[in-house]
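Readers should treat all values here as calculations from the given coordinates under stated rules, not as data from a laboratory. All values derive from a computational prediction rather than experimental measurement. Here the Cβ positions follow ideal geometry from the backbone for every residue, glycine too, while neighbour counts run over all protein chains shown.
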Amino acid sequence: MASSALEIAAAVKAGTTSASEQIEAAMARAAAVVDLNIFTYHDADAPRRAAALDAAIDRGDDPGALAGVPFVVKDLIDQAGLPNTCGASFAPFIPATTAPCVAALEAAGAVAIGRVGLHEFAFGFSSENPWFGPVHNPLDPRLATGGSSGGSAAAIAAGVVPVALGTDTGGSVRVPAALCGIVGLKVTHGRGSLRGVYPLAPSLDTVGPLAASVSDAEAAYLAIGRHDPADRLSVDRPIDPPAEPAPLESLRLAVPHPWVDTGYEPRIEDAFGVAVDRLAELGAVVDHVTIEAADPPGMGLASAYFEAAAVHRARYVADPAAYGEDLQRRLRDALAVTAEQYDAALQWRRALRTALDACLARYDAVLTPTTAAVTKLIGGDEIELTTGRRHYRAPLSHFTALVNNAGLPALTLPIAGTGTPPLSLQLIGPAWRERRLLGIGKGLENSGLAPPAIDRKSPGT
């Protein structure tokens, strides 16, 4: 029987296993999948922290909701005393303090076992890193994990850990979750803390969990989603208690057109249609609606690129060759975005949010595929779609990037019986209503339509 994060924590608190045993086993699993190139750093101090947690339990202390659960950290999030590379060629810096998102998981009893790979500076969707090499997809090592949180997703899909930390600016939690067949949660912009996280586009950046199941994602989210008064982008909103599974027959879901009318990897288009029909058979109301959410030429890119240029301008101008070729091209484009284009993009973002808010006032969630394709070969720049060959960024980001521009939360989870990698559904909800999405996700898992990834791998064994 596979073990989820919550099962591991319950067993540690009950004394049927120890944090030390769980961390030792996770580190052994990490060593066994070295060929996937998931890790940039293995934390040799993890066993000591696990032993300290066991000692606290022996004293009768409350070890936390995630007691003894191993997790990994995307290598652009600060951990005190550990090298933060950002997946870049530049010398890593050694932060003096730990990012609040990591500290929150540790306070809940989880133990970080290492840092994992990503797309260079989190600015891309493949995690084929020119300096560290590509992260390989555990479902098929010939395939990319997606990005930018590719190492986080791969660590879960390979069964190394049940939860991981990632960041999401245009889909960087949800895209790798989709390509690796796991769960990813993109939170409302302003939920939790961005302190200690290297920025890409601050008005779009979020930190979120990747997990083997919706309940595990929720457990991590409840730890990291708290307000941080020291972060000017963190919004003081209450975080709801765990969600009950939503009865599918109570759901009203909206499939947005013309947004979903795009080019697909053929089997993904077919699988999405089957999934929508299956939801209706299970009792959900699924309506096809019109939302003018299509990205006008360049608007979404202008929004992200202008802010990314501000982050990287001085470093790029001083030494462009220190960036990989892919990032050099993107930063050249980013540096060309004008303030006027950025202002127009901000106006478009407000209109997009208004349109989605109006729809979500009538429906529980907006439903799309997470990505229009899931099979991206490592080393290949194009994917064959129903509309012809396209650069992989277009089909991978088509459904995710608009959500960041709207600032809304979204949950992504795999659908059973749709191949390898599977179709991934994206549920988009109203601002601050992550609990609603998690309840729907639990209902989909209970129905068998979206079984947890722990049914394939066993992080607890």
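Each residue of region 141-152 was assigned a 3J(HN,Hα) from its phi angle through the Karplus curve 6.51 cos²θ - 1.76 cosθ + 1.60 (θ = phi - 60°); the sequence is x, 6, 9, 6, 7, x, x, 8, 8, x, x, 4 Hz, with glycine and proline shown as x. Near Asp236: Cβ cut-off under 12 Å, other residues only, Lys/Arg at +1 and Asp/Glu at -1. The net charge is +2.
In a reduced charge model with +1 at each Lys and Arg Cβ and -1 at each Asp and Glu Cβ, region 18-81 shows a dipole moment near 80 debye about its Cα centre.
Given the -39500 (n - 2.57) contribution per DSSP H run of 4+ residues, what per-residue ellipticity at 222 nm results for the chain, rounded to the nearest 500 deg cm²/dmol?
Numbers: 14 runs with 165 residues, N = 461.
It lands at -11000 deg cm²/dmol.
Stokes-Einstein diffusion coefficient for region 1-135 at 10 °C in a medium of 1.306 mPa s, Rh from the Kirkwood formula over Cα pairs: what value in µm²/s?
D, rounded to a whole number, is 102 µm²/s.
Simple rule: put +1 on each Lys or Arg Cβ and -1 on each Asp or Glu Cβ in region 285-344, find the dipole, and look at Val289, Leu331, Tyr316; the Cα lying farthest toward the positive end is Tyr316.
Give me the percent of DSSP beta bridges within the chain that run antiparallel, rounded to the nearest 5.
Details: 34 of 50 bridges.
Rounded to the nearest five, the antiparallel share is 70 percent.
With a Förster radius of 41 Å, plug the Cβ-Cβ distance of Thr354 and Arg59 into 1/(1 + (r/R0)^6) and report the FRET value to the nearest 0.05. According to the calculation, E is roughly 0.15.
What's the local net charge at Leu66, with K and R +1, D and E -1, over the other residues with C-beta under 14 Å away? Could the numbers behind the result be given before it?
Numbers: positive: Lys13, Arg49; negative: Glu7, Asp62, Glu106, Asp216, Glu218.
Net local charge, Leu66 excluded: -3.
Taking the average, over residues, of other Cβ atoms within 10 Å as the packing measure, peptides 231-241, 109-119, 70-80 rank 109-119, 70-80, 231-241 from highest down.
Placing unit charges on the Cβ atoms only, positive for Lys and Arg and negative for Asp and Glu, gives region 1-55 a dipole magnitude near 100 debye about its Cα centre. Across the options Thr420, Ala96, Gly159, the greatest Cα extent toward the positive end of the charge dipole of the chain (unit charges at beta carbon of Lys, Arg, Asp, Glu) belongs to Ala96. Distance between the modelled labels on Asp231 and Arg267, one decimal in nanometres: 3.8 nm (7 Å Cα→Cβ projection). In summary, the aspartates and glutamates within cross-link reach of Lys442, defined as a Cα separation below 12 angstrom excluding same-chain residues under 8 places away, comprise Asp216, Glu218, Glu244. Within region 223-375, the proportion of Cα pairs with more than 20 Å between them is 69 percent. Spin-label model, Asp287/Ala14: points 7 Å from Cα along the beta carbon direction are separated by 4.5 nm. With both labels modelled 7 Å from their Cα along Cα-to-Cβ, the Ser250 to Asp140 distance reads 3.9 nm. Once backbone amide H atoms are built at 1.01 Å from N, Val116 has Thr40, Val73, Lys74, Asp75 as its partners under 5 Å, excluding neighbours fewer than 5 places away on the same chain. Computed about its Cα centre, the charge dipole of region 21-144 is approximately 200 debye, with only Lys, Arg, Asp and Glu carrying charge at their Cβ. Each Cα pair under 8 Å and six or more residues apart adds its separation to the average, and for the chain the resulting relative contact order is 18 percent.
Report the net charge of residues surrounding Asp287, where surrounding means a beta-carbon distance below 10 angstrom and charges are Lys +1, Arg +1, Asp -1, Glu -1.
Neighbourhood net charge equals +2.
Within the set [x] 1.00; [y] 1.14; [z] 0.94, the number that Rg/Rh (Cα atoms, Kirkwood Rh) takes when calculated for this structure is listed as [z]. Most tightly packed first, judged by the mean number of other beta-carbon atoms within 10 Å of their residues, the peptides 397-404, 46-53 read 397-404, 46-53. When both region 101-163 and region 26-75 are represented by their alpha-carbon centers, they are found 15 Å apart. Ordering Leu185, Pro83, Ile383 by Cα displacement along the dipole of the chain toward the positive end leaves Pro83 in first place; charges were set at the Cβ atoms of Lys, Arg (+1) and Asp, Glu (-1). Between Thr420 and Glu340, full extension at 0.36 nm per residue minus the direct alpha carbon distance yields a gain of 24.4 nm.
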